1. Determine the distance separating the Cα centre of segment 345-374 from the Cα centre of segment 220-289; give it in Å without decimals.
2. What is the count of Lys pairs in the chain whose alpha carbons sit under 22 Å apart, if the two are 8 or more places apart or on different chains?
3. In terms of solvent-accessible area of protein heavy atoms at a 1.4 angstrom probe, what is the ranking of Lys150, Lys204, highest value first?
4. Take the alpha carbon gyration tensor of the chain, find the square roots of its eigenvalues, order them as a ≥ b ≥ c, and report rounded if a/c is under 1.5; if not, report prolate when a/b exceeds b/c, else oblate.
5. With Cβ to Cβ distances under 13 Å as the rule, what net charge do the other residues near Pro108 carry (K, R +1; D, E -1)?
6. Under 1.5 on a/c is rounded, so check that first for segment 1-81, then, if it is not, pick prolate when a/b is larger than b/c and oblate when it is not; a ≥ b ≥ c are the square roots of the alpha carbon gyration tensor eigenvalues.
7. Hey, if you put +1 on the Cβ of every Lys and Arg and -1 on every Asp and Glu Cβ in segment 1-56, which of Gly51, Val22, Gln12 ends up farthest toward the positive end of that dipole?
8. Please give the length that would be gained between Leu52 and Gln128 if that part of the chain were fully extended, namely 0.36 nm times their separation in residues minus their C-alpha to C-alpha distance (nm, one decimal).
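The values are calculated or read from the model by the stated rules, or taken from the named source; none is laboratory data. Predicted model only: the values in this text are computed from it and were never measured. Every residue, glycine among them, receives a Cβ derived from its backbone with ideal geometry; neighbour counts consider all protein chains shown. Ligands, DNA and RNA are excluded from the accessible area calculation, which covers all protein heavy atoms including side chains. Shrake-Rupley method; radii C 1.70, N 1.55, O 1.52, S 1.80 Å.
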Amino acid sequence: MTQVTIRGLSLQRGGVPILRDVDFSVEAGEFCVLVGPSGCGKSTLLRLISGLDDDAEGEITIDGASVRATPPARRNVAMVFQGYALYPHMTVHDNMAFALKRAGLPAPEIAARVREAARILQLEPLLQRKPGALSGGQRQRVAIGRAIVKKPKVFLFDEPLSNLDAALRLDTRVEIARLHRENASASMVYVTHDQVEAMTLADKIVLLRPVADDPAAGSVVQVGAPMTLYHHPANLFAARFIGTPGMNLVPARVAALSPHGVEFEWQGRRWNAAVAGAGLNVGDAITVGVRPEHVRSGAELAGTPGLRCRVRHIEALGEHSLLFCGVDGSAEAPPLLARTHDEQVRVGDAIELSWPADALHVFRADGGAQARRR
């Protein structure tokens, strides 16, 4: 059963469009992550689902029933904010129990719910401490525990890890993933700007864009599983946004169309991309993309044309390095990023780069992606 459905949701404030024509659904037990650049309305959308904001047009349903006229306390959702918002004078136990006491639940049930949340989040040794005696990661786990005890149908997370350092983000991300597994019937809608969080936690990603940047476009760019967005971006916006680092994108022109794909011209040479040519014509301007991990040295990809480049910068990341390479003889060509395991490469080295035809993406002048050949 679908637990959360958004249909035709649009919002303007002060004449400025915030959301436009938002449509997606979150199935029961699904972990849905909202991602996009600043200003795309991710947190606003979460507040609309929770009922904290109610000034949008469109429909929001939970368990098939409209909640547009339902106050936040009766929507059976629990929200975890970026700030911990804990009561500093209360213990961890009392922070988690506070809402249940106000709701008038019996003391034995409150105690049982707090114990269970503490077990899930490994907070048992901390129940009698106050927030001032906790680390940032522990405080965030208490905030999550305060949501768990309510036993909601839908958990809403608004960038819950953004205030934590890298190590604590990893630890807390693991706890949230475990929380999802142990609450298999509850849906989760999670807002983040961190692509690692999105790719590792999500069953489904909803990619949003700021509608003020494109008056003709809706907010939702693409919806799908994380690896679908990574390997099959629907358009240039998705290709640029999904991936760290992003996809290499270069301007090109269609040179020929064949059953084998699209042949294009770039840097005075012809290359083949294994994509469908439907809707394209010879001479059309296109953008060709390739992920850094698919850019290889000429020696690694025999039989494929190579492009002579020079290494301008190297980011050594331990398990691999990122090479920022300038195309020889072309000051205007965008630098190419290549991922390599070769620790012998140095800044200033001349190298030859290439890529397999089936790793290339082609985007039309309108930004839409050509279908990849199977």
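1. 8
2. Values: Lys42/Lys153; Lys42/Lys204; Lys101/Lys130; Lys101/Lys150; Lys101/Lys151; Lys101/Lys153; Lys130/Lys150; Lys153/Lys204.
Lysine pairs meeting the criterion: 8.
3. Details: Lys150 95, Lys204 30 Å².
Per-residue accessible area, sorted high to low, gives Lys150, Lys204.
4. Values: a/c = 2.90, a/b = 1.81, b/c = 1.60.
Since a/c reaches 1.5 and a/b is larger than b/c, the shape of the chain is classed as prolate.
5. Numbers: positive: Lys101, Arg113, Arg115; negative: Glu109, Glu116.
That sum, taken over residues with Cβ under 13 Å, equals +1.
6. Here segment 1-81 falls in the prolate category.
7. Gln12
8. Details: separation 76, 0.36 × 76 = 27.36 nm, distance 3.11 nm.
Between Leu52 and Gln128, full extension yields an extra 24.3 nm.
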